[in-house]
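Only the coordinates and a few stated rules stand behind these numbers; no lab work does. The structure presented is a predicted model; accordingly, all values stated were derived computationally and were not measured. Note that we place each Cβ from the backbone using ideal geometry, even for glycine, and neighbour counts take in every protein chain shown.
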Amino acid sequence: MTQTLPRASTLASGLADGVTVMNRNLRKLRHKPGQIIAELTVPVMMVLLFGYIFGSAIAIDGGDNYIEYLMPGLLVMGAALGALSTLTAIARDNSLGVMDRLRSMPMARWAVTFGQTAATLLIGIVGLVVMSAVGLIFGWRAHNGIGPTLGAFGLILLFYYAVSWLGALLGSLVDTEETATRLMTLALPIVMISNVFVPTAGMPKALQVVADWNPVSAAVTACRDLFGNPGVPFGDTTWPIANPVLATVGSALVILAICIPLAVMRFQKNAD
Amino acid sequence: MTAQDAVIWAHGLTKRFGKVHALTGVDLVVPPGSCYGLLGPNGAGKTTAIRVFATITSPDGGEVRVAGYDVVREAQQVRHQIGLAGQYAAVDEDLTGWENLYIFGRLFRLGRRKARQRADELLDEFALSHAAHRLVTTYSGGMRRRLDLIASMIISPKVLFLDEPTAGLDPRSRLQIWDTVRALVDGGTTVLLTTQYLEEADLLADQIAVIDAGTIVARGTPRDLKARIGSRVDVVLQPAQDLTEAAAALTTIAANNTEPDVDPDRRTISIAVAANAITLPEVVRHLDTSGIEVLDVGIRHPSLDEVFLRLTGHQGLTPAPTDLEASHHR
Ligand SMILES: Nc1ncnc2c1ncn2[C@@H]1O[C@H](COP(=O)(O)OP(=O)(O)O)[C@@H](O)[C@H]1O
Ligand SMILES: [Mg+2]
């Protein structure tokens, strides 16, 4: 099917469609107070669980306060896992036939995924604020002033947005909601093979290589650096850990550059 | 009827999924204002055809025009003219009924106020306003399907595609959907309806195309299709009546002198007659003048089931609940 480039007017109505789709996804959340409560308690639980239960057993070089080491990791981990909710959301729409109805309507097809990821991003911002507040209550601080702090949050949101598009693409590829849910459980180990909880230096060599090249590790290192929290390794490390901000921005942009066109094409093109 | 006059016009439509040939050269002409039934068993290609007509998927071959526009080159124009209610109720379970209609209205580019108004109106008209602000997850199957149906009517489409609109519904909900479809057709909407239920096609459709394994195997009015295999005269004989004598007398009115089916145990004889070729009084008179003594006699018109069996050589259709058959024959 030949697709002509959108004109300004179609771009504007496409954006309006995107806002409508976003609105739709936010409305859904409103009907699930349980999920809202879960979104708000999970950060508290994570900080308590990892900060206090594991924290006593994990010794970190250059800092006696584990929460200072942990918080950047938790913020990035929460972002990565939260952003992946697009995976099940899109798979659900597909399997319920809602996507078929949308495809038969004169709306802009690209607006579906953009609206979905925008809604997810808004939810992510709230999650980030809540978890940071919980961290502050339990003694975490950002030490480098307003600029680097905002930079760190911006980096987390960029990372979050990239992962939400990755989820959207995967969600449009799987055939059922169950497959999507199963795929999501794989995310946790992938996120955990990183420096979120412990420095990679103590890991077995093979695992350490994987962890050091994991974009999650780069994002966490960048945040530790920008927040002025302990755990930024010196000396002999991999390129992403030595250049964490660049590596994070780079990997996020690469993910976006790959996933946005592919995910949009999945919806733009007529389905099979 | 030309491609321009027809509301749906398909010529040589083919669609393949890997090795599966879902549609192999479908020709279809649906005139404006009619209710067209696409009747076929599971896997015949009904949903695939609807998905092509509704611009959800592209055909592999052939030409398809809907409302005068080509579904491939002018898909966007087509989308402004159509409504779709899928086989699986395509409404958002995590929203209320009202929100579903409002959001779809907005995506049909209605203004906020107009979308709100339309949602209220439709829920009212189709007796769902009591559940307007409840989550769709709490709806019964019938309510959900009705919501799906009215979601396809937000912009009062010229053409409505209904893919097995009553599959899996209880008899009462099915009647409600049938009433709605009739009202829409009366209002001038062209409806293309797929079904596995024979009496559904019989009751609603002006024209039927029977589809099997991706091909249209027959088309015509329900009456035409039934006429193809004619009717049967069934006779139950008096205990004293000689079977052979009765069979001989009945053979003279059978279509093309076909052999009668004789059941000596039940003492019944059944013969094939051409559709509408003979009336019951004529049969009775014939039996009387031939001196055949009967307990009971009747003319049985074929069901579309039998038509289908005859056309495809296999029994594919789902028998519908029988209580409906009794109460809703025209
Ligand atoms: N997306 C798909 N991928 C692969 N095969 C498909 C797909 N959709 C339909 N089919 C196949 O095409 C044939 C026709 O299916 P369908 O149009 O759904 O039939 P119906 O709606 O009449 O039950 C079936 O054999 C089905 O398995
Ligand atoms: Mg089907």
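How far is helix A:110-137 tilted, in degrees, relative to the longest principal axis of the Cα atoms in chain A, given as a value from 0 to 90 rounded to the nearest 10? It works out to around 20 degrees.
Semi-axis lengths, largest first, of the ellipsoid equivalent to region A:9-269 are 34, 19, 17 Å, with √(5λ) applied to each eigenvalue of the Cα gyration tensor. Based on Cα contacts under 8 Å between residues 6+ apart, chain A shows a relative contact order of 27 percent. Across chain B, Cα pairs under 8 Å and at least six residues apart give a relative contact order of 19 percent. Using a Gaussian network model of chain B in which every pair of alpha carbons under 10 angstrom is joined by a spring, one finds that among B:ASP202, B:ASP179, B:ASP212 the greatest mean-square fluctuation is at B:ASP179. Neighbour counts of other Cβ atoms within 10 Å put A:VAL130, A:VAL98, B:VAL136 in the fewest-to-most order A:VAL130, B:VAL136, A:VAL98. Of all DSSP-defined beta bridges confined to chain B, some 65% are antiparallel rather than parallel. Projecting the alpha carbon convex hull of chain B along each direction and taking the average yields 20.2 nm².
Can you sort B:CYS35, A:CYS259 from fewest to most other Cβ atoms within 10 Å of each residue's own Cβ? Spell out each step's value before the answer.
On the way: B:CYS35 24, A:CYS259 21.
Listed from fewest to most nearby Cβ atoms, that is A:CYS259, B:CYS35.
Here the calculated FRET efficiency for A:VAL254 and B:LYS19, from their Cβ-Cβ distance with R0 = 51 Å, stands at 0.90, rounded to the nearest 0.05. Taking other C-beta atoms within 10 angstrom as a stand-in for reagent exposure, B:VAL20, A:VAL163, B:VAL191 fall in the order B:VAL20, B:VAL191, A:VAL163, fewest first. When only alpha carbons are used to place a centre, region A:163-180 and region B:174-198 end up 36 Å from one another.
Helical content alone sets the calculated 222 nm signal of chain B at -10000 deg cm²/dmol, taking -39,500 (n - 2.57) per DSSP H segment of four or more residues and averaging over every residue. With K and R counted +1 and D and E -1, the other residues having a Cβ less than 11 Å from that of B:ALA167 yield a net charge of 0. Among the lysines of the protein assembly as shown, pairs at least eight places apart or on separate chains and with Cα atoms under 29 Å apart come to 13. Take B:ALA274, project a point 7 Å from its Cα along the Cβ direction, then tell me which residues of region B:214-232 have their backbone nitrogen under 19 Å from it. Once the point is set 7 Å along Cα→Cβ of B:ALA274, B:221, B:223-232 turn out to lie under 19 Å by backbone N, inside region B:214-232.
As a test, work out the antiparallel percent of DSSP beta bridges whose residues both lie in the protein assembly as shown, rounded to the nearest 5.
Details: 37 of 55 bridges.
Bridges in the protein assembly as shown that DSSP calls antiparallel: roughly 65 percent.
Working from the Cα coordinates of region B:240-289, the gyration tensor eigenvalues give, after taking √(5λ), semi-axes of 18, 13, 9 Å in decreasing order. Inter-chain neighbour count for A:103-114: the average number of beta-carbon atoms from partner chains within 10 Å of each residue's beta-carbon is 5. Mind pulling the angle between the C-alpha long axis of helix A:8-30 and the longest principal axis of chain A? Nearest 10 degrees, somewhere in 0 to 90. The angle comes out near 60 degrees.
Grab the Cα-Cα distance for A:THR181 and A:LYS32, subtract it from 0.36 nm times how many residues apart they are, and report the gain in nm with one decimal. Don't jump to the answer; show the numbers that get you there.
Values: separation 149, 0.36 × 149 = 53.64 nm, distance 1.82 nm.
Full-extension gain reported as 51.8 nm.
The alpha-carbon positions of region A:158-272 define a convex hull whose volume is 110 Å³ per residue.
Which FRET efficiency value, to the nearest 0.05, do you get for A:LEU207 and B:ALA127 by plugging their Cβ-Cβ distance into 1/(1 + (r/R0)^6) with R0 = 45 Å?
Values: r = 62 Å, r/R0 = 1.38.
Computed FRET efficiency for A:LEU207 and B:ALA127 comes out at 0.15.
Put the Cα centre of region B:111-160 next to the Cα centre of region A:233-263 and the gap is 47 Å. Label positions at A:ALA16 and B:ASP234, each projected 7 Å from the Cα along the C-beta direction, are separated by 6.2 nm.
The long axis of helix B:97-107 is offset from the longest Cα principal axis of chain B by roughly 70 degrees.
Using only C-alpha positions, report the orientation-averaged shadow area of the convex hull of the protein assembly as shown, nm², one decimal.
35.8
Set against the 2.2 N^0.38 Å expectation for a compact globular protein, region B:17-161 has a Cα radius of gyration ratio of 1.14.
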